[in-house]
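J.: This is the structure, below, for whatever I ask next.
The values are calculated or read from the model by the stated rules, or taken from the named source; none is laboratory data. Keep in mind that this is a model prediction, so the values were computed, not measured. Cβ: placed from backbone, ideal geometry, glycine included. Neighbour counts: every protein chain shown.
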Amino acid sequence: MLLTESLKTTADFITQFIRSPRTVGAITPSTSYLCRQMVRSVDWTYSRRVAEFGAGTGVLTRHIQRQMRVDARLDIFETNPHFCQTLRNIADRRATVHCASAEATTQKYDTIFSGLPLLAFPQTLRQTILAQAARALTLDGVFIQFQYSPLLEDSLSAHFLWQRTLVWRNLPPAFVYLCRAR
C-alpha cells in the first residue's frame, strides 16, 4: 500500500472512531504485524470458505486476500456504511461485502477472522456473536479474534478452546486468539 493510501486509510479510520468509538473500537487500524500474526494461524491449503467480522477499512482484508486460494470465497461483514464502501473498493472477485452484522451469517466457514471490539458490546450481543461464530465453523474450522485485553477470555471459553499470542507491535498491543469450537 502506498504511503498516501495508508495515511488516508488511517485518517478515515480515526474519523469513524471519533463518530462511533463503541463500534469502531480502536483509534488506529491494525498494524501489518497484527495482520500477519492472524493470517499465519491458518492452513490456507485447506481454507476455502472464509469470513471476516468487523473488517473496518480492510487492512486485514488485504492480508487475507493475498493468502487465499484462487478458488476460495471471502464473506466480509461490516456494519459501518462508510467502511462498507471502502471495502467494496478493495474486495477482489472472490469477496462479497455484506453491510450487515456478523450475526447475519448463515454459512459454514473454514476460517473466521474477527476484529470486532467485543468487549465494547453488550454481553448478550457478545455471546450471540461468539455462539454464531462457533456454529458457523466447519468441523476443523478456526475462529481468529483479536482484542486489546484478556477480559474476553471467559466469554471465549464458553464456546471455544483457544490459544493466545500477544502482538506487541500494534497500537495498542493486541492479543490474537486462535479458537476451535468445543
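Quick grid of which residues meet (1) among the polar types (S, T, N, Q); (2) under 15 Å from the mean Cα position of the chain (by Cα); (3) modelled with pLDDT under 95:
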site	(1), (2), (3)
LEU3	no, no, yes
GLN16	yes, no, yes
ARG19	no, no, yes
ALA26	no, yes, yes
ARG49	no, yes, no
GLN65	yes, yes, no
HIS82	no, no, yes
ARG88	no, no, no
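J.: Between a first residue in the stretch 104-116 that is farther than 11 Å from ALA51 by Cβ and a second residue that is among the acidic types (Asp, Glu), which pairs have beta carbons less than 8 Å apart while being 6 or more apart in sequence or on different chains?
T.: As it stands, the answer is GLY115/GLU52, since those pairs meet every condition given.
J.: Got a number for residues in the stretch 38-71 being crowded, with 19+ Cβ neighbours inside 10 Å, part of a loop (DSSP other than H, G, I, E, B) and not β-branched (Val, Ile, Thr)?
T.: Final tally of qualifying residues: 6.
J.: Going through LEU178, LEU171, LEU139, LEU116 one at a time, which residue ends up being surrounded by fewer than 21 Cβ atoms within 10 Å (Cβ to Cβ) and either charged (D, E, K, R) or under 15 Å from the mean Cα position of the chain (by Cα) (or both)?
T.: LEU178
J.: Right, another one. Can you confirm whether the stretch 123-141 contains a residue that is in contact with a Lys or Arg (Cβ under 8 Å, 6 or more places away or on another chain) and at pLDDT below 95?
T.: No, the stretch 123-141 has no match at all.
J.: Also: Can you pull out the helices (runs of 4 or more DSSP H) entirely within the stretch 73-182 that have at least 2 residues that are of a type outside the set (Phe, Trp, Tyr) and over 17 Å from GLY58 (Cβ atoms)?
T.: Output list reads 123-136, 153-157.
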